[in-house]
Each structure stands twice: as structure tokens, then as C-alpha cells.
Amino acid sequence: MNKQELEQELEETRRRFTELVNSIPERDYPLPTHNPEWTVSDILHHITLGPRAIALEIWLIVHARKLFGFVMGHFPSRIFNSINAWFGHRKRRITRQGLLKAYGKAHSVILSGLRRTREEDLLKSVVYPVEFVSDLAGEVTPERLFRYVTGHFEMHERQLRRDSLV
């Protein structure tokens, strides 16, 4: 997949996120999901964090592969999962407008990263440990991570649909 196709996929994912957020009434945000530790607003907020985290990982693969490999090899997954959960839970009230604004900013970050990434850098790779994100286990390239923005969104969209909230 080339950069133009990746950009189109990211734009489509943003459109779908907006559609998802607009389809869920704010009164449903505090409701629990299939995971009793996460509410609807926690999952929606978590989706907004994905593009920024992925942009950082892509930058590391392109510019600091050895550092990325070292961190992934020496950073316990339980700490990664705790940090992920901590960032996903918001104590402040989450609004539709706040979610759309947060995703818009994250979308700008990932698009900026894509535009700065050279075509040949899309094929650089590292090994992603299974204990961090099982969907990414194995060889990971920037291209695969740019595409994972959509995969991450779709996984959580399915969870919300399964919980009959959408």
C-alpha cells in the first residue's frame, strides 16, 4: 500500500469514528461494556489515543529501531497494559465534542507522520512482542502500523456493537 492509499484509509477511519461517536448518545457514555472495567466513554477515549501512540512507534521504527527493540524487549507488558488502562480511563466527563476534538488532533499527528515518512521507510521492520498487542505480534513495519489505526478502531467499534450500544 502506498502513502496515498494509507492517507485515504486514515481519512476513512476518521470519518467512521465521527459517525460512531455521533451514533452513541452521551447519556450512554457511563454505561459498562463487555469489559466491566471499561465504560463506553473509556473505549471511545481509548480509540482517540491510538493514532498518537502509533505515530510514536512508527517514528521509533524509522529513526531508532534499536531503541524500539530494546524498549520492547525490556519493558514488561504488565506495565504497558497498566499505562494503557490508565490513559484510557478519564475522570473528567467526556463529551461528544471532546472526543471529536481529541481524535481530530490525533488524526493530524498520524497524518503528519505519514507525510514525513518516505515510501522506502514504510518497509523497515521490527519484531513486536505478542504480549504487548497480540494483533501486532511478529514483524511490524510502519505501513502495518499506519494500517493498524483502522484495525484498532474496528476492533473497538465491534466491541461497542457487540454490547448493542451502536
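Return yes when S134 is surrounded by fewer than 19 Cβ atoms within 10 Å (Cβ to Cβ), of a type outside the set (A, V, I, L, M), within 15 Å of the chain's Cα centre (by Cα) and over 20 Å from F17 (Cα atoms) and no when it is not. Spelling it out, S134 is indeed surrounded by fewer than 19 Cβ atoms within 10 Å (Cβ to Cβ), of a type outside the set (A, V, I, L, M), within 15 Å of the chain's Cα centre (by Cα) and over 20 Å from F17 (Cα atoms).
For the structure I just gave you, tell me whether T13 is assigned to a helix (DSSP H, G or I), of a type in the set (S, T, Y) and closer than 16 Å to F146 by Cα. Yes; evaluated as a whole, the condition is true for this residue.
Being modelled with pLDDT of 90 or more and in contact with a strand residue (DSSP E or B) (Cβ under 9 Å, 6 or more places away or on another chain) is a condition met by no residue of the range 75-92. Restricting attention to the range 1-10, which residues are surrounded by 12 or more Cβ atoms within 10 Å (Cβ to Cβ) and touching a helix residue (DSSP H, G or I) at 6+ places or on another chain (Cβ under 8 Å)? Once the filter is applied, which keeps residues that are surrounded by 12 or more Cβ atoms within 10 Å (Cβ to Cβ) and touching a helix residue (DSSP H, G or I) at 6+ places or on another chain (Cβ under 8 Å), the range 1-10 yields M1, K3, L6, E7, E9, L10.
Pick from the range 10-31 the residues that are over 19 Å from A55 (Cα atoms) and hydroxyl-bearing (S, T, Y): which of them is nearest to the chain's Cα centre (by Cα)? This residue is T18.
Screening the range 16-51 for residues that are assigned to a helix (DSSP H, G or I), out of contact with any Lys or Arg (no Cβ under 8 Å at 6 or more places or on another chain) and among the charged types (D, E, K, R) and picking the one that is farthest from G151 (Cα to Cα) gives R27.
The values are calculated or read from the model by the stated rules, or taken from the named source; none is laboratory data. From a predicted model like this one, the values you see are computed outputs, not experimental measurements. All Cβ positions, even for glycine, are placed from backbone atoms using ideal geometry, and neighbour counts span all protein chains on display.
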